[in-house]
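Asker: Take this structure, written in structure tokens, and hold onto it; I'll ask about it next.
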Amino acid sequence: MLLIPCPYCGERPELEFRYGGQAHIARPENPAALSEEDWAGFLYMRDNEKGVHAERWRHVHGCARFFNVVRDTTTDRILGSYKAGETRPETLR
Amino acid sequence: MSDAFRTASGGRIDRARRLAFTFDGRALTGFAGDTLASALIANGVHLVGRSFKYHRPRGIMSAGSDEPNALVTVIRDRARQAPNLRATQVEIYEGLTAISQNRWPSLDFDIGGINDRVSPLLPAGFYYKTFMWPRGFWEKVYEPRIRAAAGLGRVPEGPDPDRYLQRNAHCEVLVIGSGPAGLAAALAAAESGGRVILCDEQNEMGGSLIADHTSSIAGKPAAVWVAETLAQLTAMPRVTLLPRTTAFGYYPHNHLGLVERVTDHLATPDPGQPRERLWQVRAKEVVLASGAIERPLTFPDNDRPGIMLADAAHAYVTRYGAIPGGRAVLATANDSGYRAALALHEAGVEIAAVADLRQAPSGDWLDAARRAGLLVETGATVTGTTGRMRLASVSLARVDGEGGVGGTREIGCDLLLMAGGWTPSVHLFSQSLGKLRFDETLQAYVPGAAPQRIRVAGAAAGIYDLGSALDSGFSAGAAAAGGDGKRNFVVVAAAADTGSVLGSLPHDRDPTKVRAFVDFQNDSTAKDLKLAVREGFRSVEHVKRYTTTGMATDQGKTSNMPMLGILSEAQGKTIPEVGFTTFRPPYTPTTFGNFAGTARGEQFDPVRRTPTHAWAVSQGAVFEDVGLWKRARYFPQRGEDMHAAVLRECRAVRAGVGIFDGSTLGKIEVVGPDAAEFMNRMYVNPWTKLGTGRCRYGIMLREDGFVMDDGVVGRLAPDRFHVTTTTGGAAAVLNMMEDYLQTEWPDLRVWLTSATEQWAVIAVQGPAARAVLEPLVEGIDLSAVALPHMALAEGTICGVPTRLFRVSFTGELGFEINVPSDYGQAVWEAVYAAGIPHGITPYGTESMHVLRAEKGFIIVGQETDGTVTPDDAGLTWAVGKAKPDFVGKRSLSRSGMMDANRKQLVGLMSADNVTVLEEGVQIVADPNQPVPMSVLGHVTSSYLSPSLGHPIALALLAGGRARHGETLHVPMPGGRSIAVQVVPPVFYDPEGTRLNG
């Protein structure tokens, strides 16, 4: 079970969280302006990273906040976390 | 009789406490401290089981958790029958009853033994090759018989009466294994003052030192040092010692699963104690000191009862005082085999020969053996054995350096000791995602780089020498606790050796006739592995699965390395080139009870009950599970089945009035200055112009344009919406709303609150609904003008504050009374009492389904399946076309979403007006088309309509709206088909006059 560092609550066991998919997939400002291909890309295309991956988690059984976590998918090592809306820190690349 | 095979004294058994037990009904005795295996050996019992596939007679090979052969069932009573336990780990208690497995009618005479004679028919992967014809026989004839003949013990019938508890624990250092390295590590870690947990799978701590009476540590005999160290650790309050506790799983972030066997070793367990306790340990640091496992040798007929690992035989004699044979031969690849031979020799066992596989061995142990008068042959090997129920003789031969074999001779013996070298127990390290490195000197895999906070010490790291193992443990323990302590333990011990063999031993026998077992438990042989290579299997993972080598309940503890050696020879590759298979949890078989803990029966899942649950129970309601909720499905009166009850309930609603508990509906309060804008973005509907005190049927899409949820939304104030969701969708809807609010539109001033549990919802539906409620409400005008369909009002009912919705999921005049949950049952009972003069009838979810289907109202998840758009469901009217954007809007204009031939919601009527279709059946145009037919759609809901007196169905049908009036067909099993007519989906009161009444 992962130990996830919630930026608001600190480290908590994975049981308290819900996974939220790849991070930094922003909803387009004006979806109507997108081509079918671009919209499909937003809907369906995600990285399948082997290695360091920025992903969203929600502390659903805690503060209920969404936030971002950088995790190495090969070892499950968590490099760090930061709040939703913040840019990924250089130290977590 | 029982003591015929006991040493006169010594060992860790309590000779003052004799314990009676039975094995296959035979009354035997042993001593406290015996395992079932040691007690059987002390009774001269060596035939313990039959093998998995060939039903070969098998005995006891090891003395620990690596045992592949001696699997037994231990029976306490009818419900407590634990199969597949390793006799080497079962502690005996007074009255223990054990039976052997996989034999019929008896262990000595086993019909299944025929498999051994027909073994040429059963090579690796036989189930892919033979027994293929005639077609159809596999499922009906071959597989059931093969399954019955193969196998392990039987699971007990009936539920497990034992209790299993679980606890979480945290520590600075978890030490796994209490041998020399583990004890030294615990000692060093404990000195730091942090929390230390030391666990060991055995009943007694000390690991290899338990049976070591030749070594000394710090000037004391090893056993004394162990006792003193344990006393020291026990006295430290921050140290937890867990014997009989297996670390079975190593999970991410140093989260480990430990199972403590609390009562299995007791004759009369304390009923207050659980059978097992699962420890979920989050350790800052782990020291793995899990030791090493001795390798068996791979030679023809190496599986007979009486063929044993040398270290196991040593343990039986020194630890248990149990003598495993009268006349023994040692086949060894290293020095440690000599230690066992000498211990047996001292105990009076005749050592008939020592076959040392090495050409020119030397050293202290060899000298000691020669001094003791043992006959040592170097450059010698075993080429075969005889003896069916127990070993009778072994064939020894000379090997030259080039692998040539000659000068075979047969030696009578009843015990053969195998010493093939050591395999570090790296299972948990591997589970922690640690990388393994092949050590050429040790001819073994040892721990390499570790991604988690783990250190490996002692034999598990390939450090076999006692002094070095202690030192490595101490520094690992100190470092794990954040220090840099070192200690040089002064030991007197024989030098450790590193000799080992991999692969099969050379022999001069006909290779097509002999079998050398590699995985004893799964009966896979060197021949099977070579066959797999000849058949083209290259990846070790494929060979493993094809031959099932290493896939038995012992997870290949004794077979993995021999397998790699044989593959290396057969493929002409080095061991690292052959590769390595993956170790997965659990390290040893672990009970389901351990994982389930108290989450069983009523505790399996939380149960959600509505405020009127007790009332419904008192009325004899039949309940159904909807998610975690218990919902009343129908309220049968005397003698009624569901069909009759639903008929009566539906008619009552249409003719008079019904009462229904809708409390399970999800409720979300959406509040804030931007609430309407937020709703505009989340739902397809327009909300800006919805007046206060009005409701609207809302549809929520996923971003991909498919219907995710629906529900009535009421506007309580310009900045306040009362949103309802489906019962099952409540959590997901709130999660999605929060997602958008927190991450996409954090600028919106909106707050979301789940209110599902705060409101009881009492639906009162039917032409008499208004008459029932009017006397009960205050401050609310229920008239059609003041409170039309899709309006809401706040006021009180029976003196309780209410949000009263004029809504209908039945097609009748209807109200949904929301009151605080605590008042739910009281208000319900008051409404029910007021309704009695009007014939008020409680109805359940089944009638609710039928009533709404008559009206063509969809249920998300029944009429929708994640591929249905609002237009597919006939709900285009709800979509706010003028809105610039909402979740899912862009997807609705993708070309595929606008295809006129998409599946659309329609009604179906059976042409015979009698047949009720099955839900889920497929719809075709031509019933005579050969299979596979072109499917046009499927039935989503189907009932006999009580209001109309004939069957009705809802369906999703390709281009369905253009097909009204067509006759289509529903093919059924057996070539029959049912003709159906396509109609609009609203069957009852299509004008909606009743609803607006």
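Asker: When we measure straight from the Cα of B:LYS530, which lysines land under 20 angstrom away, once same-chain ones fewer than 8 places off are left out?
Answerer: In chain and number order, the partners are B:LYS53, B:LYS129, B:LYS513, B:LYS544, B:LYS573.
Asker: Right, next: Please compute the contact order of region B:666-755 in relative form: average sequence separation of alpha-carbon pairs under 8 Å and at least six residues apart, divided by the residue count, as a percent. Write down the numbers at each step before the final one.
Answerer: On the way: 167 pairs, mean separation 36.3, N = 90.
It comes to 40 percent, rounded to a whole number.
Asker: Given a 1.4 Å probe and no ligands, DNA or RNA in the count, how much accessible surface is buried by B and A, both sides, to the nearest 100 Å²?
Answerer: 2300
Asker: Here's a follow-up. Would you list the P(r) distribution for region B:14-126, with all Cα-Cα distances sorted into 5 Å bins from 0 and each bin expressed as a whole %?
Answerer: 2, 12, 21, 22, 18, 12, 6, 4, 2, 1, 0
Asker: Using a 1.4 angstrom probe on protein heavy atoms only, which residues from region A:67-93 are buried by at least 10 Å² of accessible area when all chains are present rather than their own chain alone?
Answerer: A:THR74, A:THR75, A:ASP76, A:ARG77, A:ALA84
Asker: Taking amide H atoms as placed 1.01 Å from N in the peptide plane, list the residues 5 or more away in sequence, or in a different chain, whose amide H sits under 5 Å from that of B:LEU96.
Answerer: Placed amide hydrogens put B:THR22 under 5 Å from B:LEU96.
Asker: Can I ask one more? What is the helix-to-structure angle for B:642-655, meaning the angle in degrees between its Cα long axis and the longest Cα principal axis of chain B, kept from 0 to 90 and rounded to the nearest 10?
Answerer: Compared with the principal axis, the helix lies near 30 degrees.
Asker: Limiting things to C-alpha atoms, what are the Rg and the maximum Cα-Cα separation (Dmax) for region B:361-497, in angstroms?
Answerer: Gyration radius and largest Cα-Cα distance of region B:361-497: 20.4, 59 Å.
Asker: Rounded to the nearest whole Å², what accessible area per residue is found for the protein assembly as shown with the 1.4 Å probe?
Answerer: Numbers: 44430 Å² over 1090 residues.
Accessible area per residue: 41 Å².
Asker: Could you calculate, for region B:848-901, the ratio of the Cα radius of gyration to the Kirkwood radius, expressed as Rg to Rh? Numbers along the way, then the final one.
Answerer: Details: Rg = 13.0 Å, Rh = 12.7 Å.
Looking at region B:848-901, the ratio lands at 1.02.
Asker: Show log10 I(q)/I(0) for region B:421-472 at q = 0.12 Å⁻¹, two decimals, from a solvent-free Debye sum over equal Cα scatterers.
Answerer: Log-scaled intensity ratios, in q order: -0.24.
Asker: Could you please state how large a percent of the accessible area of region B:14-141 is carbon and sulfur, counting protein chains only and using a 1.4 Å probe?
Answerer: Numbers: 3240 of 5420 Å².
The computed percentage sits at 60.
Asker: Let me ask you something else. May I ask for the distance between the Cα centers of region B:837-858 and region B:294-356, given as a whole number of Å?
Answerer: That distance is 78 Å.
Asker: For the protein assembly as shown, what size does the Cα cloud have along each of its three principal axes, sorted from largest down, in whole Å?
Answerer: 114, 68, 61
Asker: Roughly to the nearest percent, how much of the accessible area of region B:666-755 is carbon and sulfur, given a 1.4 Å probe? Write down the numbers at each step before the final one.
Answerer: Working: 1590 of 2980 Å².
After summing per-atom areas, the C and S share lands at 54 percent.
Asker: Right, another one. Could you tell me the center-to-center distance, by alpha carbons, between region B:385-461 and region B:753-781 in angstrom?
Answerer: Cα centroid of region B:385-461 versus Cα centroid of region B:753-781: 77 Å apart.
Asker: Now a separate question. For chain B, what is the mean residue ellipticity at 222 nm derived from helices alone (per DSSP H run of n ≥ 4: -39500 (n - 2.57); sum divided by total residues; nearest 500 deg cm²/dmol)? Don't skip to the answer; put the middle values down first.
Answerer: Working: 24 runs with 202 residues, N = 997.
After summing the helix terms and dividing by the residues of chain B, the value is -5500 deg cm²/dmol.
Asker: Sticking with this structure for a sec: Report Rg/Rh for region B:852-997, rounded to two decimals, where Rg is the Cα radius of gyration and Rh the Kirkwood radius.
Answerer: Numbers: Rg = 16.2 Å, Rh = 16.2 Å.
Looking at region B:852-997, the ratio lands at 1.00.
Asker: Considering the Cα positions of region B:897-983, please state its Rg to one decimal place and its Dmax as a whole number of Å.
Answerer: For region B:897-983, the Cα-based Rg and Dmax read 12.4, 38 Å.
Asker: Related question: Return the lysines within reach of B:LYS667: Cα separation strictly under 30 angstrom, same-chain partners fewer than 8 residues apart disregarded; answer none if there are no such residues.
Answerer: A:LYS83, B:LYS630, B:LYS689, B:LYS855, B:LYS881, B:LYS883, B:LYS889
Asker: Which values, in whole Å and largest first, are the semi-axes of the equivalent ellipsoid of chain B obtained as the square root of 5 times each eigenvalue of the Cα gyration tensor? The partial results should precede the final answer.
Answerer: Working: eigenvalues 1023, 223, 151 Å².
The answer is 72, 33, 27 Å, longest axis first.
Asker: Now for a different question. Tell me, what is the 1.4 Å probe accessible area of B:TRP365, in Å² to the nearest 10?
Answerer: For B:TRP365, solvent-accessible area is about 40 Å².
Asker: Which order do A:ARG58, A:ARG93 take when ranked by solvent-accessible area (1.4 Å probe, heavy atoms of all protein chains), largest first? Write down the numbers at each step before the final one.
Answerer: Numbers: A:ARG58 15, A:ARG93 150 Å².
So, going from the largest accessible area down, we get A:ARG93, A:ARG58.
Asker: First obtain the Kirkwood hydrodynamic radius of region B:515-579 from its Cα pairs, then insert it into the Stokes-Einstein equation at 37 °C and 0.692 mPa s, and state the resulting D in µm² per second as a whole number.
Answerer: Working: Rh = 11.2 Å.
The diffusion coefficient I find is 292 µm²/s.
Asker: How big is the shadow of the Cα convex hull of region B:666-755, averaged over all directions, in nm²? Write down the numbers at each step before the final one.
Answerer: Details: hull surface 20.0 nm².
Taking the Cα atoms of region B:666-755, their convex hull projects to 5.0 nm² on average.
Asker: Can you give me the angle between helix B:730-739 and the longest principal axis of chain B, using Cα atoms only, in degrees from 0 to 90, rounded to the nearest 10?
Answerer: 90
Asker: Under 20 °C and 1.002 mPa s, how fast does region B:595-637 diffuse according to Stokes-Einstein, given a Kirkwood radius computed over C-alpha pairs? Answer in µm²/s, whole number. All intermediate terms of the calculation are to be shown ahead of the outcome.
Answerer: Details: Rh = 11.5 Å.
Estimated via Stokes-Einstein, D reaches 187 µm²/s.
Asker: Can you give the net charge of the other residues whose Cβ lies under 15 Å from the Cβ of B:VAL533, counting K and R as +1 and D and E as -1?
Answerer: Details: positive: B:LYS527, B:LYS530, B:ARG534, B:ARG538, B:LYS544, B:ARG545, B:LYS573; negative: B:ASP528, B:GLU535, B:GLU541, B:GLU569, B:GLU577.
Taking every other residue near B:VAL533 into account, the sum is +2.
Asker: Oh, and also: I want to verify a result. In a Gaussian network model of chain A, Cα cutoff 10 Å, which of these has the top mean-square fluctuation: A:TYR44, A:TYR19, A:TYR82?
Answerer: Per the Cα network of chain A with a 10 Å cutoff, A:TYR44 tops the list.
Asker: Relative to the longest principal Cα axis of chain B, at what angle does helix B:560-571 sit, 0 to 90 degrees, rounded to 10?
Answerer: 80
Asker: Where does region B:283-367 land on Rg(C-alpha)/(2.2 N^0.38 Å)? Could you put the intermediate results ahead of the total?
Answerer: On the way: Rg = 15.0 Å, N = 85, 2.2 N^0.38 = 11.9 Å.
Normalised by 2.2 N^0.38 Å, the Cα Rg of region B:283-367 equals 1.26.
Asker: Using the Cα atoms of chain A to build a convex hull, what is its mean projected area in square nanometres? Each step should come with its number before you reach the end.
Answerer: Working: hull surface 26.7 nm².
Taking a quarter of the hull surface, the average projection is 6.7 nm².
Asker: OK, next. Indicate the gyration tensor shape class of region B:890-937 (rounded, prolate or oblate), computed on the Cα atoms with a ≥ b ≥ c the square roots of the eigenvalues: a/c under 1.5 is rounded; otherwise a/b larger than b/c is prolate and the rest oblate. Display every interim value, and only then the final one.
Answerer: On the way: a/c = 3.14, a/b = 1.72, b/c = 1.83.
Judged from the Cα gyration tensor, region B:890-937 comes out oblate (a/c at least 1.5, b/c at or above a/b).
Asker: May I pose another question? Please express the shape of region B:296-420 as an equivalent ellipsoid: the semi-axes are the square roots of 5 times the eigenvalues of the C-alpha gyration tensor, given largest first in whole angstrom. It would help to have the intermediate numbers written out before the result.
Answerer: Values: eigenvalues 83, 65, 26 Å².
Taking √(5λ) for each Cα gyration eigenvalue gives 20, 18, 11 Å.
The values are calculated or read from the model by the stated rules, or taken from the named source; none is laboratory data. Only a predicted model underlies this, so the values are computations on that prediction, with no experimental measurement involved. Positions of Cβ are backbone-derived with ideal geometry, glycine not excepted, and every protein chain shown enters the neighbour counts. All accessible areas refer to the heavy atoms of the entire protein, side chains included, with ligands and DNA or RNA removed. Shrake-Rupley method; radii C 1.70, N 1.55, O 1.52, S 1.80 Å.
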